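The structure under discussion appears below in the form of structure tokens.
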Amino acid sequence: MSHPTQITDDQFESEVIKSSTPVLVDFWAEWCGPCKAIAPTLEEIAGDYDGRLKVVKVDVDENHQSATQYGIRSIPSLLLFKDGTEVDRIIGALPKQQLMEKIDSHL
């Protein structure tokens, strides 16, 4: 079963932009309550979509470059990348079903 993977600014291009699999990027921070609330849902999604979707987490406090590059102003922010391009953006903690509907529309 797959789990979300922590990545850094240095890994963003190789893990997200150059990925052959669509990637859901969770921009989050340790102090963010809604980020913690959505974490179990992202664990489930990583398992449910194993092999079809990669789920990664970027800590905005430690990785300013990626957060700045993608204009992250609110967290959690979930960005869905396909073929190296952002195809969807979800701001805030949505219920699992709504997240899955957004993901499914791009797979």
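A few remarks follow.
- Dipole magnitude for the chain: about 280 debye, using +1 per Lys or Arg Cβ and -1 per Asp or Glu Cβ, origin at the Cα centre.
- Excluding exposed DSSP-loop GluC sites (Glu not before Pro) (at most 16 other C-beta within 10 Å), longest clean stretch of the chain: 63-107
- The chain: C-alpha gyration tensor shape, a/c 1.5 cut-off, then a/b vs b/c: rounded
- Candidates S77, S20, S66, ranked by Gaussian network fluctuation over the chain, Cα under 10 Å, top entry: S20
- Leading residue at positive end of dipole, the chain (Cβ point charges), from I103, A37, S14: I103
- Averaging Cα coordinates gives a centre for the stretch 69-86 and one for the stretch 5-50; these two points are 10 Å apart.
- Of V56, V87, V16, the one that fluctuates the most in a GNM where the chain has Cα springs shorter than 10 Å: V87
- Under 18 Å from a label point set 7 Å out along the Cα-to-Cβ vector of S2, the amide N atoms of the stretch 29-69 belong to 39-58.
- Beta bridge orientation in the stretch 5-102: antiparallel %, DSSP, nearest 5: 60
- Lysine pair count for the chain (Cα-Cα distance under 13 Å; residues 8 or more apart in sequence or on different chains): 5.
- Computed on the stretch 5-102, with alpha-carbon pairs under 8 angstrom and 6+ residues apart, the relative contact order is 39 percent.
Computed from the coordinates by the stated procedures, all read-outs in this text should not be read as laboratory data. Worth saying up front: this structure is predicted, and the values here are computed from it rather than measured. FYI the Cβ positions are ideal-geometry reconstructions off the backbone, even for glycines, and counts take in every protein chain you see.
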